[in-house]
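Worksheet: one structure, shown below.
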Amino acid sequence: MPTFNNTVYGAGFVGSDDGAPSAGFGIDDVSTSSITVTGTVNKVGDTVQATGIFPAETASTTKTLYATQYDSSNMIQFTNDPANPTTRYVLSNTTLAPRQRVTFDGNNTPTDYAPVCFTTGTLIRTDRGEVAVEDLQVGDRAVTASGALRPVIWIGHRTLDGAGGSLPHDQQPVRIRAGAFGGGLPTRDLSLSPGHPVLVGADANGAGGHLVPVMCLVNGTTIAREPVSSVTYWHVELDAHDILLAEGLAAESYLDWGDRPFFTEGSDHALHNPDFVVPGLAARCRPVAVDGPVVEAERARLSGVFAHGLGEACAWDEAERFAWIAA
C-alpha cells in the first residue's frame, strides 16, 4: 500500500512517456525540479495529487494521477486518464534518464512499490521561499533560526546503498514526524542523518539553546530510525556556521571538521556514523549536548508533545460519545 505524504521527488526522479500504461517502455523526459505527491494507492485506479513542473513542461501544475497495474519495488507507474490514457508517469526511488528503458510487473496489485523517504527533497527556507535541498545553488541565501540571511557557499551529498538489503543501523536516517517538536514543527516529516544536530531550548527569536544530535532524541514513535535500502544525505554550508530551517525545524548547517570527503561520491573515506557531531569542536554557533540535563529535558518535553497530540486525537465530543454508546 504505497502512501505518499507530501513525498517530494527531486529533479530526475519522475519520468514520462507518451502512450497507455504498459509493462515496459523508454522514458521520453524527466523532471527538472521537485514534484510533491500526496495520496494512497491500494488498487488500480486509485488517485494521487502531484504538484510541480512535470517532465517536458515549463510551469508548475497540479495533476491527478491514476494508479495502473504496473509497479515494482523501486518505481510505480501512473496514467493521466484511465479512460483515454495519453501519458504515463513513473515515480522512481532512483534517478531516471531520457531513453532509459523501465520495466514493471503487471500483477494487477500496484502495492509492491515503497516510496523511499528521501532526505533528498527536504525543504530549506531561503529568501526565495522553501527550496528542496537538491535544488539549492551556491549563492542562494538561507534564512537562519534568528531570521538572518546567510549565503550558501557549498552543497555536498552522498548516497549510501544497502546492496539489496537495509542499511546498517548506524547509517539509517532518523525520521521526525510532522509536528513532533510541537508548534507544527517540522511542517512535514523530516529525515536526517542520525548525528545531525537540531536546535533545542532556543528562545522565540532563535537565540540560545543547544545543538543535540537527533539520534539522542529517538523515542521510537515520533522520532525513530527508519530502515531503508538507500538514502542520500545532503549538507549545506553557509559563510559561517549557523542554524538552518529544514521543514521549518531548526537544524545545524554544515561545519567542516575533516569529513568533507564523505560527501564526494566514490570517495574511499569511511564514516560509519554520518556527520556525527563532535561535542568539543570549536567554531560552533551553539554549545553541543549529547546527554545530561539538556537532553533529558528535551526528551521529556517531546514526550509531552506526543502525549498531548495523542490526547487530542482520542478526544471525543460529548454528543458523539453518547451517540456511539446509544448505538
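The values are calculated or read from the model by the stated rules, or taken from the named source; none is laboratory data. Note that the structure is a prediction, hence the values are computed from the model and not measured. Ideal geometry is used to build each Cβ from the backbone, glycine not excepted, and the neighbour counts take in all protein chains shown.
Of the set (1) modelled with pLDDT of 85 or more; (2) more than 17 Å from GLY121 (Cα to Cα); (3) basic (Lys, Arg), all apply to ARG175 but (2). Note on the stretch 148-262: enclosed strands (runs of 3 or more DSSP E) holding 2 or more residues that are small (Gly, Ala, Ser) and under 20 Å from the mean Cα position of the chain (by Cα) are 249-252. Elements of the type strands (runs of 3 or more DSSP E) sitting completely within the stretch 1-59 and holding at least 1 residues that are in contact with a strand residue (DSSP E or B) (Cβ under 8 Å, 6 or more places away or on another chain) and of a type in the set (Ser, Thr, Tyr): these cover 3-9, 14-18, 35-40, 47-52.
Only residues in the stretch 59-84 that are assigned by TED's automatic domain parsing to the domain that holds THR38 and without any contact (Cβ under 8 Å) to a residue 24 or more places away in the chain count as the first member; pair them with residues that are buried (at least 18 other Cβ atoms within 10 Å of the Cβ) and of a type in the set (Val, Ile, Thr), Cβ under 8 angstrom, at least 6 apart or cross-chain, and list the lot. The qualifying pairs are THR64/VAL48; TYR66/THR79; ASN80/THR87. Based on this model, can you work out whether VAL278 counts as at pLDDT below 65, surrounded by 10 or more Cβ atoms within 10 Å (Cβ to Cβ) and either part of a loop (DSSP other than H, G, I, E, B) or hydroxyl-bearing (Ser, Thr, Tyr) (or both)? Yes: the conditions hold for VAL278.
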